[in-house]
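S.K.: Dropping the structure in here first, questions after.
The values are calculated or read from the model by the stated rules, or taken from the named source; none is laboratory data. Bear in mind the structure is a predicted one, so any value in this text is a computation, not a measurement. Cβ placement follows ideal geometry from the backbone for every residue including glycine, while neighbour counts extend to all protein chains displayed. Calculation scope for accessible area: heavy atoms of the full protein, side chains included, ligands and nucleic acids excluded. Shrake-Rupley method; radii C 1.70, N 1.55, O 1.52, S 1.80 Å.
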Amino acid sequence: MAQPRKVIITSAVTGAIHTPTMSPHLPVTQDEIADAAIGAAEAGAAILHLHTRDPEDGRPSQDPEHFAPVLEKVAANSDAVVNITTGGSPHMSVEERMRPVAEFKPELASLNMGSMNFGLFPMLEKYEDFQHEWEREHLENSRDLVFKNTFADIERILEIGNANGTRFEFECYDISHLYSLAHFQSRGLATGPLFVQSVFGLLGGIGGHPEDLMHMRRTADRLLEDYQWSILGAGRNQQPLATMGVTMGSHIRVGLEDSLWIGPGRLAESNAEQVEKMRRIVEELGMEVATPDEARAMLGLKG
Ligand code: KMH
Ligand code: ZN
């Protein structure tokens, strides 16, 4: 009898895009981030994509001291795969962004496959008052911001990961990023099975139309060898694109980093709530969610 396909769910727990004013459910302190991650794993997430914040004001932080307590608590309470960001925040230098991955040598780390505009300023329209002044600046300054990921930056992060046995979630926000990834695969710096996270619906990247998803898929199929495909839809694109993707063989990423919502006008109360909803959809469609060890096997992780 045919076995159901296994779908890897990643939960991106807090990120560096959304700010505390936007949702009372956004995890900010080290305990909140760790507890949210553990809850998402219990709900079915095999991979936890982690950023941290300064607990004083919720500002994104790549300080290893802000990561350490989160990583300890998650490791003590879950066997999920930990994926540490090298994207940090688009406002940070690449040196700052690499620090936690170099220090903690996780199984998995994100790697952003190209420089791009990263437009957060449209969110200014939705909020009148912010709890902290940095939040307004964070959105406002994105009008004149390049999220820098040069070829040299990508090579350096690949070299750090390859030296430490850290593999990558290759974040591809546009078609050109797939071509860059194919370039690194042809040079042997990025090796299969590649974990390709295709990102839809951010201002500055490819849109969130089903045709965009189809074009990414066809292009990845044409260019890449030995890859596992995952879908991340930003904001209202999250659930529709994830659902479309799983029907076409993808894995999926949800989490408050990518969308604060569980339905139209309804804030998600936790990361776990988004995972539970997508898990229901995956199972209704006749598939199963992958366990952390199944995800490790599919992605060739060190365990
Ligand atoms: N915020 C996501 C759209 C990273 O951490 O490397 C992209 C991201 C970047 O997850
Ligand atoms: Zn991230």
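S.K.: Over 10 Å intervals from 0, what percent of Cα-Cα pairs in region 38-172 sits in each interval?
M.R.: Bins of 10 Å from zero give 11, 37, 35, 16, 1 percent of pairs.
S.K.: What are the DSSP H helices in the chain that stretch 18 Å or more along their long axis, judged by alpha-carbon atoms, and whose average Kyte-Doolittle hydropathy comes to at least 1.0?
M.R.: On the way: long enough: 30-43 (20 Å, 0.14); 64-77 (20 Å, -0.03); 151-164 (20 Å, 0.09); 210-223 (20 Å, -1.16); 271-284 (20 Å, -1.24).
None clear 18 Å together with a mean of 1.0.
S.K.: Leaving out ligands, DNA and RNA, and with a 1.4 Å probe, what % of the accessible surface on the chain is carbon or sulfur? If you can, show how the numbers build up before the last one.
M.R.: Working: 6090 of 12370 Å².
The nonpolar share, carbon plus sulfur, comes to 49 percent.
S.K.: Could you calculate the contour length gain from GLU140 to ARG218, that is, 0.36 nm times the residue separation minus the distance between their Cα atoms, to one decimal place in nm? It would help to have the intermediate numbers written out before the result.
M.R.: Numbers: separation 78, 0.36 × 78 = 28.08 nm, distance 3.55 nm.
Here the segment from GLU140 to ARG218 would lengthen by 24.5 nm.
S.K.: With N set to the number of residues, divide the alpha-carbon radius of gyration of region 10-88 by 2.2 N^0.38 Å and report two decimals. Kindly include the intermediate steps, with their values, before the conclusion.
M.R.: Working: Rg = 11.3 Å, N = 79, 2.2 N^0.38 = 11.6 Å.
With N residues counted in region 10-88, Rg over 2.2 N^0.38 Å equals 0.97.
S.K.: I've got another one for you. Which order do you get for THR14, THR21 if you rank them by accessible area with a 1.4 Å probe, largest at the top? Spell out each step's value before the answer.
M.R.: Working: THR14 0, THR21 35 Å².
Greatest to least solvent exposure: THR21, THR14.
S.K.: For ASP54, enumerate residues with amide H under 5 Å from its amide H, sequence gap 5+ or separate chain, H modeled in the peptide plane.
M.R.: ARG59, SER61
S.K.: For region 158-283, give me the percentage of DSSP beta bridges that are antiparallel, rounded to the nearest 5 percent.
M.R.: Details: 2 of 16 bridges.
Of the beta bridges lying entirely in region 158-283, close to 10 percent run antiparallel.
S.K.: Go ahead and run the numbers for FRET between SER93 and GLU283, Cβ-Cβ distance against an R0 of 41 Å, rounding to 0.05.
M.R.: Working: r = 43 Å, r/R0 = 1.04.
Given R0 = 41 Å and the Cβ-Cβ separation, E is 0.45.
S.K.: What is the P(r) of the chain, as percent of Cα-Cα pairs per 10 Å bin from 0?
M.R.: Bins of 10 Å from zero give 6, 30, 40, 21, 3, 0 percent of pairs.
S.K.: Enumerate the whole-percent occupancy of each 5 Å bin, from 0 to the last occupied one, for all C-alpha pair distances of region 147-303.
M.R.: That works out to 2, 9, 18, 20, 20, 17, 10, 4, 1, 0, in percent per bin.
S.K.: Separation between the ASN77 and ARG156 pseudo-spin-labels, each 7 Å from Cα along Cα→Cβ, expressed in nm?
M.R.: Placing both labels 7 Å along Cα→Cβ, they lie 3.5 nm apart.
S.K.: Using modelled amide H (1.01 Å from N, peptide plane; none on Pro or chain starts), what sits under 5 Å from the amide H of GLY208, excluding residues fewer than 5 places away?
M.R.: Close amide H contacts, sequence-distant or interchain: GLY201.
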